[in-house]
Amino acid sequence: AIDWQIATKGVGGYDFAYFVSQSLAIETRRAHIDALAATYLASLRDDGCEYPEDQFWLDVRRTLLFCLAYPVHTMALDLTDARSAALVHEMADRASSAILELDALELAPL
């Protein structure tokens, strides 16, 4: 199956950042992000793909800034519907907390 909603070519850090900032509860991300990253990078190495850890984290942090676009886009939903409003709120909380906790704002141009 292919998710055509977001089809793009990019760095592996994009996939990881999207996953941890959109799909995981904040508490889950906080508790497991280091282990998830280690497993991700080890899996790549096992398949012959070297992804330097410092480059990986830079790519993740850059992507987190972009991932804030997802909750902004969902604001086009009917927010009078409680379920839609809760979705937007959760997405915004997850994205913004990841940006702050991984210090991604440091990378934003002024």
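The values are calculated or read from the model by the stated rules, or taken from the named source; none is laboratory data. None of these values were measured; they are calculated from a predicted model. Every residue, glycine as well, gets a Cβ built from its backbone with ideal geometry; the counts of neighbours run over all protein chains shown. We work out accessible area using only protein heavy atoms, side chains counted, and drop any ligands, DNA or RNA first. Shrake-Rupley method; radii C 1.70, N 1.55, O 1.52, S 1.80 Å.
Where only DSSP H runs of four or more residues are counted, the chain gives -20000 deg cm²/dmol as its mean residue ellipticity at 222 nm, each run worth -39500 (n - 2.57). Taken as entire DSSP H runs, the helices of the chain that both span 24 Å or more between Cα atoms along their own long axis and average -1.0 or more on the Kyte-Doolittle scale are 26-46, 82-101. Fully extending the segment from ARG45 to ASP15 would add 9.2 nm, taking 0.36 nm per residue of separation and subtracting the current Cα-Cα distance. Net charge dipole, the chain: roughly 200 debye, given to the nearest 20, about the Cα centre with Cβ charges of +1 for Lys and Arg and -1 for Asp and Glu. Tell me, what is the FRET efficiency for ALA38 and GLU90 to the nearest 0.05, using R0 = 30 angstrom and their Cβ-Cβ distance as r? Approximately 0.70, to the nearest 0.05. As an exercise, use a Förster radius of 35 Å and the Cβ-Cβ distance of HIS73 and GLU53 to find the FRET efficiency, rounded to the nearest 0.05. My answer for the efficiency is 0.70. For the chain, the solvent-accessible area with a 1.4 angstrom probe is 66 square angstrom per residue.
Taking only protein heavy atoms and a 1.4 Å probe, the accessible area of the range 44-98 is 57% carbon and sulfur.
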